[in-house]
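The values are calculated or read from the model by the stated rules, or taken from the named source; none is laboratory data. Note that the coordinates shown come from a computational prediction; the quantities given were computed from them, not determined experimentally. A quick note on method: Cβ atoms are made from the backbone with ideal geometry, for glycine too, and the neighbour counts reach across all protein chains shown.
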2 protein chains.
Amino acid sequence: MSEAEGNAGRRARGGGGAARRAARTNVGIETARYITRNIPDFEILNAEALELIEANAETVLAEIGVNFVDNPGALARWREAGAEIEGERVRIPRGLARKLCATAPARFVQHARNPERNVEIGGRNLVLAPVYGPPFVRDIDGGRRYATMEDFRRFVQLGQMSKWMHHSGGTVCEPTDVPVNKRHLDMIHAHMTLSDKPFMGSVTEPSRARDSVAMCELLFGKDFVAENTVMTSLVNINSPLTFDATMMGALEVYAAANQACIVSPFIVGGAMAPVTVAGTLTQVLAEVLAGVAYSQLVRPGAPVIFGAFVTSIDMNSGAPTFGTPEASQILYGAGQLARRLGLPFRSGGALCGSKLPDAQAAYETAATLNAALLGGVNFMLHAAGWLEGGLVASYEKYVMDADQLGALHRMAAGIATDPAAQAMDALREVGPGGHFLGCAHTQAHFRDAFWRTDLLDYKPFETWDEEGARDTATLAADRVTRLLARYEAPPLDPARREAVEDYVARRKADMPDAFV
Amino acid sequence: MSEAEGNAGRRARGGGGAARRAARTNVGIETARYITRNIPDFEILNAEALELIEANAETVLAEIGVNFVDNPGALARWREAGAEIEGERVRIPRGLARKLCATAPARFVQHARNPERNVEIGGRNLVLAPVYGPPFVRDIDGGRRYATMEDFRRFVQLGQMSKWMHHSGGTVCEPTDVPVNKRHLDMIHAHMTLSDKPFMGSVTEPSRARDSVAMCELLFGKDFVAENTVMTSLVNINSPLTFDATMMGALEVYAAANQACIVSPFIVGGAMAPVTVAGTLTQVLAEVLAGVAYSQLVRPGAPVIFGAFVTSIDMNSGAPTFGTPEASQILYGAGQLARRLGLPFRSGGALCGSKLPDAQAAYETAATLNAALLGGVNFMLHAAGWLEGGLVASYEKYVMDADQLGALHRMAAGIATDPAAQAMDALREVGPGGHFLGCAHTQAHFRDAFWRTDLLDYKPFETWDEEGARDTATLAADRVTRLLARYEAPPLDPARREAVEDYVARRKADMPDAFV
């Protein structure tokens, strides 16, 4: 590990003070550009199967329909668009939802306050964002405990320090020590001040979505926000086939402000969807068609992402499971459906059910990360730090996963075939029985030839044993400590910071604390 | 875990004594059929890139050539076939090696002494075999130590007990307590008597390959062996571009006896091949073309497998690395080259560099297993138990990996789209806001709906915590103990057993012990 980081330090560019400090302390502060895939997608379903699922999804929308709960405005919009309304049930004639989805952009730029951190979501791109939502945190010393605002800030700092993380995320953990009705203010403030990467807005109440937009107007400028997407927020569907007023209220705020939403079924297969992959894909497509169509009824052209957070249930314990073959199959199939619909696709993540950052966690996580890369995911939430079915944000797993994300970058770059990559000179120079380490081609190319871990152990057994025979989690704990010790907040215009902080203080003063 | 295995027990078929015992003790004894893929292959290279690599490989063979060391017979065969010989260098005119490869079968059956365990290697099939070659073993109690014959037997027993393992393998660990010149006799005896799955022969000297054939003739009958493939053995190429007399001598014995060989470059990229993926693929193809062509010079039609064991070097420590993106890219590309050549493909495995069965081991292993499945591997050696770059066979990792192999089976089955899989009845029955657990479709299908682990933990946090907060390696150690306690040798005709044992005793008496 020290060798690898030593090299990362030596590779640091641009001889400023930050680069020199990075070199001295062996912790990098670069951020990689988001991934643009130069490899094909893995297409698990043939055209016939895709058409069948699409036809079935239209049948679901037309004959079963979806519920928009406690939302007369939504029912009115749907009625006007041509749907059949019965109570809260919305039945959408065949083809209507798909037609409405056509105004959603195939790709869009989400701006960061540092323009170098802007991301383009859609197309061949893959943007990585950290874990979202855990009420608990875990670290190697303290074990599992409720998350606090201090944990939240540390996870945002880790994201800022992580080279392969493109996005600061949203609720990286639930700051349970802050009143429920004020958390969003502190969380967005943390993303705005501790990171210069793009971030997500609040969705837990329409008023909190409005706060998110207002804070962005102070950070980016009102005109800028009116014309650009500066937030991508997570709008879950209450599967099966139900759109609740809270989430739809947030979506309405964001769509109206031209801010992006992920419209995402949240499905534990067998509980919130059928036990079959094809049946689940049908439901996912029906739900996304309805949700995305609704966003376009609110504002045609509003940026939106086809989401699919799907796992399956353990039929013995009832627990959700992660990294299973069925989850990968659904991810691959959903990606195909999203591409046929011309929408950016969200799925995947460092998902696992394990309680510890152990082998189970890594098997499950690697299965999901790999499927997400090959399945054409454009926005990957939970790309690092997820543990215990999303109940826990793990410090050690965050840096373990973040290291694996570097491997995804390299895999996505594909295989070069230019003359240097063909290496015929090397083959001629070395010949049968020779050794490539010293040849001219190797000397010219070895620095960038292979992906390098910043974490994993490649030392000789004896060295590793003498150094304490540390496992991955122990190495990761050490890296967490060093990354946080090295953290420096990115510069921020003091006037904008002050405006954001005034807003937070004023809004907090306006409301009594609420803890439920 | 106990729940999952309880269910496995309840699923046990055929009310015999073994099934009842299995149900009582919660350890299954089924063996799954080898995998037949119902999913496409992941094609990372386009046709232009493949043609370029193929043309470059022909250039390597024609202009650089390969060395057949200490092997005048091989040089004579090549000369007669039309190659240009200069010393030990064999330059193969463009197209000749590919033409010679055309007589090798695209698929073949390897017979086991229990015909239910026969495997077909090639086509859409994937056959899984355990770790091969480690001089050390590791378990959670004893740590890392030299392997013994007793370890060897235990690993064969684990393979026999592992539902998802189709093949008993070869040198599952090196029995370092047995003289080098007699090990192969005890190893093959162990495979023949402790397992009824197919196995591999010795390659460490031509005389040991002959012993392997002779023992098979005693086990299967001489006529049967003359007409059928009963061994698949591992012939490594000394990359770059060198074929040594030991390995080629073993190949000559096996090919002449119509027994299968894996012709496999063993490459640590950057050391034994160029630092680029395209350059390495060129070398792999050139080496396999020469090796397979040679097998067909020995006996046209001899079964042979296109092997690619390729990893890359850590440029800091010089250590080989596993589960890297470059290794996956090479695997995907080599699979395409093998399919274009019409040969069965060997690559992949539970490869990792970690010293412990920890998260690093699992990240690296999962990356490789996944690439092997999607990359079209037909024969996967090292599919379970590999640790520390292949220096160590790990008991715990064996059962951890073997559990993951079950997930590969499910993933490979693809996505069903029959009416039951479409689940439209379930969607209609449940409707918006409902719950699928109780619906008729779920009740009819939940038992086989999802892959089930026999190892991983899905329990509620509190239960898991009360039971000792065990990590995956600890759970695996428990499973190893239970599997070995339940082991029963499969029945074997006493006359055949006696014939094999007489042969072993006679051959041992013929030779003084040798430890180098």
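Observations on the model:
- If you go through the range B:91-136 and keep only what is among the hydrophobic types (A, V, I, L, M, F, W, C) and farther than 19 Å from B:F199 by Cβ, you end up with B:I92, B:L96, B:A97, B:L100, B:C101, B:A102, B:A104, B:A106, B:F136.
- Selection from the range B:223-232 of residues that are surrounded by fewer than 24 Cβ atoms within 10 Å (Cβ to Cβ), in contact (Cβ under 8 Å) with a residue 60 or more places away in the chain and either among the small types (G, A, S) or in a strand (DSSP E or B) (or both): B:T229
- Elements of type strands (runs of 3 or more DSSP E) contained in the range B:67-169, each with 2 or more residues being more than 18 Å from the chain's Cα centre (by Cα): B:84-86, B:89-91, B:136-139, B:143-146
- For the range B:452-482, the set of residues classified as in a helix (DSSP H, G or I), exposed (fewer than 14 other Cβ atoms within 10 Å of the Cβ) and among the charged types (D, E, K, R) consists of B:E462, B:E466, listed by residue number.
- Residues that are more than 14 Å from chain A (Cβ to nearest Cβ), more than 20 Å from the chain's Cα centre (by Cα) and under 30 Å from A:Q404 (Cα atoms), drawn from the range B:291-323: none
- Considering the conditions (1) small (G, A, S); (2) surrounded by fewer than 24 Cβ atoms within 10 Å (Cβ to Cβ); (3) part of a loop (DSSP other than H, G, I, E, B), A:G349 is excluded by exactly one of them, (2).
- Residue match in the range B:29-37 (condition: touching a helix residue (DSSP H, G or I) at 6+ places or on another chain (Cβ under 6 Å), buried (at least 19 other Cβ atoms within 10 Å of the Cβ), modelled with pLDDT of 95 or more and within 14 Å of chain A (Cβ to nearest Cβ)): yes
- Residue within the range A:419-439 that is at the interface with chain B (Cβ under 9 Å from one of its Cβ atoms), assigned to a loop (DSSP other than H, G, I, E, B), over 17 Å from B:N56 (Cβ atoms) and under 33 Å from the mean Cα position of the chain (by Cα) present: no
- Residue within the range B:137-157 that is of a type outside the set (S, T, N, Q), touching a residue at least 12 places away in the same chain (Cβ under 8 Å) and within 28 Å of B:L374 (Cα to Cα) present: yes
- So A:P134, is it surrounded by fewer than 24 Cβ atoms within 10 Å (Cβ to Cβ), at pLDDT 95 or above and at negative phi: no
- When A:L297 is tested against (1) over 28 Å from B:A361 (Cα atoms); (2) without any contact (Cβ under 8 Å) to a residue 24 or more places away in the chain, just one condition goes unmet, and that condition is (2).
- Count of the range B:449-485 residues, restricted to those that are away from chain A (no Cβ under 11 Å), touching a Gly at 6+ places or on another chain (Cβ under 9 Å) and not acidic (D, E), is 0.
- For the range B:483-500, a tally of residues being farther than 19 Å from B:L158 by Cβ and not in a loop (DSSP other than H, G, I, E, B) returns 7.
- Residues (surrounded by fewer than 24 Cβ atoms within 10 Å (Cβ to Cβ) and within 8 Å of chain A (Cβ to nearest Cβ)) located in the range B:268-290: B:A271
- Inside the range A:175-217, residues that are closer than 19 Å to A:P115 by Cβ, in a loop (DSSP other than H, G, I, E, B) and not charged (D, E, K, R) make up a count of 3.
- Taking the criterion of being more than 8 Å from every other protein chain (Cβ to nearest Cβ) and among the small types (G, A, S), the residues of the range A:324-362 that qualify are A:A327, A:A334, A:G335, A:A338, A:G342, A:S347, A:G348, A:G349, A:A350.
- Residue match in the range B:145-162 (condition: surrounded by fewer than 19 Cβ atoms within 10 Å (Cβ to Cβ), of a type outside the set (D, E, K, R) and in contact with a helix residue (DSSP H, G or I) (Cβ under 8 Å, 6 or more places away or on another chain)): yes
Table: residues versus (1) touching a strand residue (DSSP E or B) at 6+ places or on another chain (Cβ under 9 Å); (2) polar (S, T, N, Q).
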| site | (1), (2) |
| --- | --- |
| B:V213 | yes, no |
| B:L218 | no, no |
| B:T232 | yes, yes |
| B:F243 | yes, no |
| B:M248 | yes, no |
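- Filter result for B:A393 (in a strand (DSSP E or B) and not hydroxyl-bearing (S, T, Y)): yes
- Hey, A:M380 among the hydrophobic types (A, V, I, L, M, F, W, C) and at the interface with chain B (Cβ under 7 Å from one of its Cβ atoms) or not: no
- Restricting B:A293, B:A308 to those that are of a type outside the set (F, W, Y), crowded, with 24+ Cβ neighbours inside 10 Å, more than 14 Å from A:Y458 (Cβ to Cβ) and in contact with a Leu (Cβ under 6 Å, 6 or more places away or on another chain) reduces the list to B:A293.
- Of the set (1) more than 8 Å from every other protein chain (Cβ to nearest Cβ); (2) out of contact with any helix residue (DSSP H, G or I) (no Cβ under 6 Å at 6 or more places or on another chain), all apply to A:F446 but (1).
- Checked against the criterion of being within 11 Å of chain A (Cβ to nearest Cβ), charged (D, E, K, R) and surrounded by 13 or more Cβ atoms within 10 Å (Cβ to Cβ), the candidates B:E51, B:E88, B:E58 yield just one match: B:E88.
- Those strands (runs of 3 or more DSSP E) lying entirely in the range B:250-324 with at least 2 residues modelled with pLDDT of 95 or more: B:260-269, B:304-307
- The range B:55-66 residues that are at pLDDT 95 or above, paired with ones that are part of a strand (DSSP E or B) and among the acidic types (D, E) (beta carbon under 8 Å, 6 or more apart): B:G65/B:E84; B:G65/B:E86
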